[in-house]
Amino acid sequence: MKRKIAFIICSILILAVFMVGCGKETDVPDGMKLASNEENKFYTMYVPEDWYVIETGSNVTLAQAQSKQMGGTTSLEPVTVNAMIFGISDPELVGSENIDKSCAEYYKTYQEQMAGTFKEFYNLTNLDEAHASPYREDARAYSFVALYNNIYYKYYMTVIVRGQTYYVITFNFPQNNVEADKDGNLIKTEYEKAEFDDGDYNDEIKDVVSSFKAKL
């Protein structure tokens, strides 16, 4: 009888430990850290260990790259990533089987909504084609260049569809290959023919996007 009671107590303790462990993020990828917080019930997001988490809330996460400079000091790079969620209201756009149509519709709507924010907008993605993300099967990827606060940025956007929810991960990179006149005004060039620079962050894009976990 004592053995039976001891076995039951031991089983309960093991179960309790297991349940506590399941409530924490223990599988953080190597070289990454948790960026989303415990209040976020929608997704889990990781960023490189040396990135600075600027904002983390119940449904939004924003982080910025850091760089080591002379003297061991650390500064922020003008490269950021953010993750947000949006509901899908059209029943025809819900579900993974509609991912191409659904993501294209989201991207078109995004362009229309941001028309008042960006002075100039140059789409680098042909929306007549499907754009599978190179880092995950349940996502589509889009890129564009836009003028914001007199600086041109390249944006790399990954859209994930899960049920009735869009998960959107967006990186942006300032572009330094744009000329300005003597008064500091930006000179319009052949953007469609230009090579836009992602810096040395291709590995970071891959790591953040591929490790992103949707909870819904």
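The values are calculated or read from the model by the stated rules, or taken from the named source; none is laboratory data. Predicted model, so just to flag it, every value in this text is computed and none were measured. With ideal geometry, Cβ positions are generated from the backbone for all residues, glycine too; neighbour counts draw on all protein chains shown.
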Test of understanding: among L62, L76, L34, which residue is of a type in the set (A, V, I, L, M), modelled with pLDDT of 85 or more, farther than 18 Å from V159 by Cα and in contact with a strand residue (DSSP E or B) (Cβ under 8 Å, 6 or more places away or on another chain)? L34
Test result for E112, out of contact with any helix residue (DSSP H, G or I) (no Cβ under 9 Å at 6 or more places or on another chain), acidic (D, E) and either under 27 Å from D50 (Cα atoms) or modelled with pLDDT under 85 (or both): no
Please determine, by comparing only the residues of region 41-62 that are part of a strand (DSSP E or B), touching a helix residue (DSSP H, G or I) at 6+ places or on another chain (Cβ under 8 Å) and not hydroxyl-bearing (S, T, Y), which one is surrounded by the fewest Cβ atoms within 10 Å (Cβ to Cβ). P48
Residue among Y201, Y167, Y106, Y153 that is under 20 Å from the mean Cα position of the chain (by Cα), within 30 Å of G31 (Cβ to Cβ) and modelled with pLDDT of 90 or more: Y167
G71 meets each of (1) surrounded by fewer than 16 Cβ atoms within 10 Å (Cβ to Cβ); (2) at pLDDT 90 or above; (3) not in a loop (DSSP other than H, G, I, E, B) with one exception, condition (2)
Filter region 94-150 for residues that are among the polar types (S, T, N, Q), part of a loop (DSSP other than H, G, I, E, B) and under 14 Å from I160 (Cβ atoms) and give the result. S133
Listed by first then second residue, the pairs whose first member lies in region 40-57 and is at pLDDT 90 or above, whose partner is of a type in the set (D, E) and crowded, with 18+ Cβ neighbours inside 10 Å, with beta carbons under 7 Å and at least 6 positions apart or on separate chains, are P48/E204; P48/D207
May I ask you to verify whether S102 is surrounded by 20 or more Cβ atoms within 10 Å (Cβ to Cβ) and over 21 Å from S36 (Cα atoms)? yes
